[in-house]
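Read through the structure below, which is laid out as structure tokens, and then see the notes.
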Amino acid sequence: MLKRVLFLTDALCKDCFLIANKFVGNAYSIYYALPEKINNKNHTMFVWEDAGFTCGFLTAYLECGNAYVENLYVDKNCQRRGIGAALIKAYEDVARKNGASSLILQSRNTVQALRFYKKMGFEKIAENMFVGKKL
Ligand SMILES: CC(C)(COP(=O)(O)OP(=O)(O)OC[C@H]1O[C@@H](n2cnc3c(N)ncnc32)[C@H](O)[C@@H]1OP(=O)(O)O)[C@@H](O)C(=O)NCCC(=O)NCCS
């Protein structure tokens, strides 16, 4: 089930850290930054929960008319079930409603991430794996 996070509990913060840490090795920066982001009106966080288990999360923000995805992680055990797609689409709606003209992010340079973003309609817009989508 998709949920917009308005209040970040320590337990949820730890769940998100554990999910991200499996991919990036040292996700402490994500762990320490999340509480501050949730209190910033330009930032948005969505999680996908399944029977009380956190499967994945997205954080993103609006700046100067564009929207930027900072974190998107789906637990390895929950992948290929449409959760990543649901998280991105939910944020696209938020960004569009807030007048953003495009959604931009720096993708990881993995086949998995690049195929995912291509499928979601993103195009490479610069080196260093920046991809974007007109909203
Ligand atoms: C990239 C990621 C967020 C995708 O999440 P997900 O929930 O597995 O993705 P979805 O199930 O919504 O997949 C949507 C589409 O993306 C593509 N896709 C997703 N994972 C893929 C993979 N491993 N190989 C090829 N295509 C893939 C497929 O076209 C898929 O549609 P399909 O299943 O109908 O074929 C997830 O794999 C992840 O967290 N990866 C590690 C962290 C990361 O790379 N984050 C994003 C970059 S910063």
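Values in this text are rule-based calculations from the coordinates and carry no lab data. Not measured: the values here are computed from a predicted model. In this analysis, Cβ positions are derived from the backbone assuming ideal geometry, glycine residues included, and neighbour counts consider all displayed protein chains.
One Cα centroid belongs to the stretch 30-56, the other to the stretch 86-135; the line between them spans 18 Å.
Amide H contacts of Ala60: Thr44, Glu70, each under 5 Å away and 5 or more positions distant or on a separate chain (H built 1.01 Å from N in the peptide plane; Pro and chain starts excluded).
Express in nm, to one decimal, how much length is gained between Asp10 and Phe130 on full extension, taking 0.36 nm for each residue of separation and deducting their alpha carbon distance. Intermediate values should be presented prior to the final figure.
Details: separation 120, 0.36 × 120 = 43.20 nm, distance 3.12 nm.
Full-extension gain reported as 40.1 nm.
From largest to smallest, the equivalent ellipsoid semi-axes obtained for the chain from the alpha-carbon gyration tensor read 21, 18, 14 Å. When the chain is treated as a GNM, springs tying every alpha-carbon pair under 10 Å, which of Phe116, Phe46, Phe17 comes out with the largest mean-square fluctuation? The residue with the greatest mean-square fluctuation here is Phe116. Within the listed set Val111, Val47, Val24, the Gaussian network model of the chain (springs between alpha-carbon atoms below 10 Å) gives the highest mean-square fluctuation for Val111. Bridgeable lysines around Lys119 (alpha carbons under 29 Å apart, same-chain partners fewer than 8 residues away excluded): Lys3, Lys22, Lys37, Lys76, Lys89, Lys97, Lys133, Lys134. Look at the alpha carbon pairs under 8 Å that are at least 6 residues apart: their mean separation over the length of the stretch 24-97 gives a relative contact order of 22 percent.
In the Gaussian network model of the chain, springs joining C-alpha atoms below 10 Å, which of Asn66, Asn40, Asn21 carries the largest mean-square fluctuation? The residue that fluctuates most here is Asn40. Residues whose amide H comes within less than 5 Å of that of Asp50, counting only those at least five positions distant or on another chain, are Cys55 (H built at 1.01 Å from N in the peptide plane).
Nearest 500 deg cm²/dmol is fine: what mean residue ellipticity at 222 nm does the chain get from its DSSP H runs of n ≥ 4 alone, each adding -39,500 (n - 2.57), divided by its residue count?
-11500 deg cm²/dmol
Taking label points 7 Å from Cα along the Cα-to-Cβ direction, Arg96 and Arg80 give a separation of 2.9 nm.
The simple spin-label model puts a point 7 Å past each Cα toward its Cβ; for Lys22 and Glu63 those points are separated by 3.0 nm.
What FRET efficiency, computed as 1/(1 + (r/R0)^6) with R0 = 22 Å and r the Cβ-Cβ distance, is obtained for Asn109 and Lys3, rounded to the nearest 0.05?
On the way: r = 30 Å, r/R0 = 1.35.
It comes out at approximately 0.15.
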